[in-house]
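Taking it in order: structure first as structure tokens, then the write-up.
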Amino acid sequence: MGAWLPREGVGTLFIVLVVLAWCWALFYLVVRTRLPIPVDLAIVDTVHVYVGVVSLAFLASLLATGQVPPVDAPGKPPWLGGSLLVLYLALYATGAILLLPLGSTISEFLVTTHLLAAVWSVPLTTVYWWRSRSDFARFFGGSLSRVPARFWLGLAILLLPAAALAVIPRALSPLAETGTGAVWSRVALPGVFLDRMAPSPKGDGIVAGGEGLYLGQADGRWRRLNFPAELVLGLALSAGPTEAYVGTDGGAYAASNLDGPYRKLPLPGHGIHGIVIDPRASSRIWASSREGFWRSDDGGEHWVNASQGLKAPAGSWALGYYRGALYGSDALGVYRWTDGMWERMSEQKYVVSLDPSADGQRLFAASMGEGVQVFDGTRWNVLDEGLAAHGSGAIHVISVTAGNQRMIAATMLDGVAVGTNGERWSGLGSGLSRGAVWRVLDEGGRLLAATDDGVFSYTIKSDAASAGWWTLFAGAVVVGTIGSLSRLRVGDEPRRRGPHRRGQPPPVPR
């Protein structure tokens, strides 16, 4: 006996898929407003892509067998069919292309186009199915209990693979790859201003400074270190004999271990924001101050001013090593120390942090007003796409942490931004207190942020899809689509064998 379901039932199953795709897409709209969602965005990706691919296969099958009610039938506006065709082609085309590894600019355009097409398709699809409501009314017969069991079986076969894939989700969209959608939570030192944070090279924990100096342990507990009652402005940690150098408004301090005691160094400068240790000689220390840059070759016991070539020595601020060379900044640009002179390398102003990437291939310059620029050893490139601008276009970034998987920007007014491809930033979640974020550390997907209001934590889950996972995904699509359609036997509508009297069951197809 053949199994057959009227075309209204097949169309209903397709619209169920479309509605599911729309419902899951709402999570993307919420995330783009930087609000949290109650589900991992990777799960949203997995289910949304599965439903989209299956609905495309389902629609193709319906079109091939003539099961879709004609869009130009009487009672339907003449423009409806063409409009729906364009919108759904845009939806499926952009959705398919987004699965390819593309640049951030192209991906952002495609994501925007996909979302706009989805939004505009909602009212038109509603009109289309409303005009076809009489067909569906006959199918449902006024009660869900009268819907053929094959419909529910087909729906179950269609959705079970999605549930299975949701158990092993993968980040497929640009938003999910950056880890957006979760919430920051305060984990330590509420109400404490912290503007510096760095991991101990000896594995003793994480040091944070601001209103005091603190040490965070692996078990999550933090304790205050025995440090003078001065506001911490600069911090450098070493695996050498002197483990910590700390800058304050009144000068600089050093200690052979994190617990102290901290001794004040004979540094003549004030306002020590930048401190860096030469990676090739742990006894050579550089520091920035309102009096320019200072260098010590004996671990801080003696200092000489080394500001030759600076345009604005009083605005000296950031220091950092990149590919063995020392870079520094003042209020008017970024410089490289070459043959006893500072050579101007960039005209980016107000740079407050110079951060090399973990792989040593790039140097990030964060500015209070001119955003982020990145140096690849040859040229500087602006990296502001996705960062919020204020006032007359000023972009205030305090620091950048660039690991092997992602780059993270701490900003003055807009929390944290993250990027995965070195081209574009995305806002990272909500839950941070009002105020600045000064530094973010990335501990393998667990982020720690030093802020005006203590230490906050954020967990990123962004497992990428492997070839094996895509094979499993393709198998799930095939099983769901073919299994469902085989139960419905699309296109196998039987012919009536004779007149049918009211009150008698219709002939049973054989």
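A few notes on this one:
- Accessible area per residue (1.4 Å probe, heavy atoms of protein chains only) ranks T420, T471, T451 as T471, T420, T451, with the largest value leading.
- Over the chain - Rg/Rh using Cα atoms and the Kirkwood inverse-distance radius: 1.16
- Signed unit charges on C-beta, dipole axis of the chain, positive-most listed residue I97, V352, G179: I97
- Listed residues I275, P313, L258: farthest to the positive end of the dipole of segment 221-347 (Cβ charges): L258
- A simple charge model with +1 on the Cβ of Lys and Arg, -1 on the Cβ of Asp and Glu and nothing else charged puts the dipole of the chain at about 3000 debye relative to its Cα centre.
- When the convex hull of its Cα atoms is projected in every direction, mean area for segment 162-246 (nm²): 8.6 nm²
- Dividing the Cα radius of gyration of segment 422-470 by its Kirkwood radius returns 1.09 for Rg/Rh.
- Taking every Cα-Cα distance in segment 304-350 and sorting them into 5 Å bins starting at zero, the pair-distance distribution P(r) comes out as 6, 25, 37, 24, 8, 1 percent.
- Signed unit charges on C-beta, dipole axis of the chain, positive-most listed residue Y245, W303, W222: W222
- 3J(HN,Hα) along segment 384-389: 10, 4, x, 7, 6, 9 Hz, from the Karplus curve 6.51 cos²θ - 1.76 cosθ + 1.60 with θ = phi - 60°, whole Hz, x for Gly and Pro.
- The antiparallel fraction among DSSP beta bridges confined to the chain stands at about 95%.
- Calculated accessible area for the chain comes out at 46 Å² per residue, all protein chains present (probe 1.4 Å; ligands, DNA, RNA ignored).
- Using a simple spin-label model with pseudo-atoms 7 Å out from Cα toward Cβ, A64 and A149 lie 2.9 nm apart.
- The value of relative contact order for the chain, using C-alpha pairs under 8 Å at least six residues apart, is 16 percent.
- Within segment 343-432: Cβ-based charge dipole about Cα centre, in debye rounded to nearest 20 (Lys, Arg +1; Asp, Glu -1): 60 debye
- Within the same chain, aspartates and glutamates fewer than 8 places from K311 are excluded, and of the rest, those with a Cα less than 12 Å from its Cα are D330, E343, E347.
- Segment 362-405-segment 197-270 distance, computed between alpha-carbon centres (Å): 27 Å
- Proportion of all alpha-carbon pairs of segment 331-412 beyond 14 Å (%): 61 percent
The values are calculated or read from the model by the stated rules, or taken from the named source; none is laboratory data. From a predicted model like this one, the values you see are computed outputs, not experimental measurements. Counting neighbours? That spans all protein chains shown, and the Cβs are built from the backbone with ideal geometry, glycine included. Remember, those area values only see protein heavy atoms, side chains included, never the ligands or the DNA or RNA. Shrake-Rupley method; radii C 1.70, N 1.55, O 1.52, S 1.80 Å.
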